[in-house]
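Student: Please see the structure below; I have some questions.
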Amino acid sequence: MAVNDMGSGRGSLCVHVVLGQAVPARWGYSVVGSRRFADSTAASAGGGERGRFVRRNRWARGPGSGAEVGHHCSPWPEQSGRPAVNCWQIKHLPHTTSVAHYRHGVSACGKAFTVASDPPAPAVRHLVVDDESSGQRLDNFLIRELKGVPKTHLYRIIRSGEVRRNKGRVQADDRLQAGDVLRIPPIRLSARADDKAANPAPAREFPVIHEDDAFLAIAKPAGVAVHGGSGVSFGVIEQLRQARPQARLLELVHRLDRETSGLLLVAKKKSALKALQDQFRERETGKTYLALVRGDWPVTRRRIEWPLHKYLLPDGERRVRVTTADDPDGQYALTLVKVARRVPPSPALPSGFTLLEVTIRTGRTHQIRVHLAHAGHPIAGDDKYGDFELNRGLQAAGLRRMFLHAWRLRLQHPVTAETLQLEAELPAELQSALAALEKPIQ
């Protein structure tokens, strides 16, 4: 809460202070000449508290059930060089926890003053889904519309039922339709969110593989999240928006794990976003990854079709495991595998390795990592589902990240319907690690 001192006219100094439940417990207010009314204490329930000011003036006791506007007269010390009178007036307001309705008044000096109260409490909002957002997932829609709200909070209010669609409950992965009315509960940004707004992500461009008026495809490096949240201040999309302030819209079409490098699509138009996400949802795209796995992958194993079950560890971290077909929470997942080349064993790494081209027909969380690990061939460098002892040996050989790369993507252009095949070459650090592993022992 702030107080605007409008002045009291010639010969006196008028300062106006509001006390009440909305005021912080301890605060100070500086007047002309940096004199400070220090350690003013808000009125508490059951009776007003005394405020200690210059000249040790005391507040009259109030009812303690509402705010008080103070205005009391006392002389300045003669040696201060200030006017002879400093005026204060005591005024009690009716019971209220906010001074929003008592913003204006007139002091005993005859000068108007304004009390600037706290910002109004957040209110319920209603959003109407437009045509271009039709078909988009609820969580993606809210992430776009409610910028600055942590993802964890968004998912919490969805799960709790506070977010409603057409007055009914809705799930995070439900698809929206044009004309849907979403009820958004009051959301107050935390101090952390305010700090994030005041300190935006550093601008950064990423290697561009394809760009036109509809979308762009970039090469995401490993170790960079695609968006902020879950302990990450910012990601690719926030940095890209800062680097391109003139862009009207930049939205993620899909996601990649933080540890995965490679092709990432970003839409520049709502219509392109919807068209591309429709292709991903209908499994009309061909997404192929390069993965280096432990051991000698059987050339005859080309199809993995195990359902996956998501769960949380005690610390809240997300994990995925293969489950049975009758698991009601299991999600169908299909992975196609092709051997690209083999890396022979060595004395230091006797298991050997296989470089695989992995195409996913479904886009489940951690799908490739879990399917390959469950098959007995974990991805080299995977710190969640991998062979941890093997990973330590690989670090000594120069591999310090997971060997999983989004390599190739086939799709239809969202505007022209032309078939595109995009490709992101293997990053230098993976090429070097692979060459080191293939190097014959001298």
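The values are calculated or read from the model by the stated rules, or taken from the named source; none is laboratory data. Bear in mind the structure is a predicted one, so any value in this text is a computation, not a measurement. Cβ coordinates were reconstructed from backbone atoms using ideal geometry, including for glycine residues, and neighbour counts include every protein chain displayed.
Student: Filter region 245-268 down to residues that are part of a strand (DSSP E or B) and of a type in the set (G, A, S) and give me whichever is farthest from E423 (Cα to Cα).
Tutor: Across region 245-268, the extreme among qualifying residues is A267.
Student: Out of region 142-171, which residues are in contact (Cβ under 8 Å) with a residue 60 or more places away in the chain and outside any helix (DSSP H, G or I)?
Tutor: Residue satisfying the conditions is P150 alone.
Student: Which members of region 361-382 meet the condition of being in contact with a helix residue (DSSP H, G or I) (Cβ under 9 Å, 6 or more places away or on another chain) and modelled with pLDDT of 95 or more?
Tutor: Answer for region 361-382, where residues must be in contact with a helix residue (DSSP H, G or I) (Cβ under 9 Å, 6 or more places away or on another chain) and modelled with pLDDT of 95 or more: P378, I379, A380, G381, D382.
Student: Sticking with this one: If I ask for residues that are among the hydrophobic types (A, V, I, L, M, F, W, C) and not in a loop (DSSP other than H, G, I, E, B), which ones from region 272-300 would you list?
Tutor: In the first step, residues of region 272-300 are kept if they are among the hydrophobic types (A, V, I, L, M, F, W, C); the result is 272-273, 275-276, 280, 290-293, 297, 299.
Hits for region 272-300 are A272, L273, A275, L276, F280, L290, A291, L292, V293.
Student: In addition: Taking the options A333, A397, A348, name whichever one is among the hydrophobic types (A, V, I, L, M, F, W, C), in the same structural domain as D278 (by TED's automatic domain parsing), exposed (fewer than 14 other Cβ atoms within 10 Å of the Cβ) and free of Cβ contacts under 8 Å to residues at least 60 places away in the same chain.
Tutor: Residue meeting the stated conditions: A348.
So that you can scan it fast, the table gives a plain yes or no per residue for (1) at pLDDT 95 or above; (2) more than 30 Å from A435 (Cβ to Cβ):
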{"residue": "D257", "(1), (2)": "no, no"}
{"residue": "G262", "(1), (2)": "yes, no"}
{"residue": "A267", "(1), (2)": "yes, yes"}
{"residue": "E284", "(1), (2)": "no, yes"}
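Student: Look at A222 and say whether it is of a type in the set (A, V, I, L, M, F, W, C) and touching a Leu at 6+ places or on another chain (Cβ under 6 Å).
Tutor: Here the answer is no, as A222 does not meet what is asked.
Student: Can you name the condition, by its number, that R321 falls short on among (1) modelled with pLDDT of 95 or more; (2) within 20 Å of Q395 (Cα to Cα)?
Tutor: With respect to (1) modelled with pLDDT of 95 or more; (2) within 20 Å of Q395 (Cα to Cα), R321 is out only on (2).
Student: For region 330-348, state whether one or more residues are at pLDDT 95 or above, touching a helix residue (DSSP H, G or I) at 6+ places or on another chain (Cβ under 7 Å) and within 28 Å of F280 (Cβ to Cβ).
Tutor: Taking every residue of region 330-348 in turn, at least one turns out to be at pLDDT 95 or above, touching a helix residue (DSSP H, G or I) at 6+ places or on another chain (Cβ under 7 Å) and within 28 Å of F280 (Cβ to Cβ).
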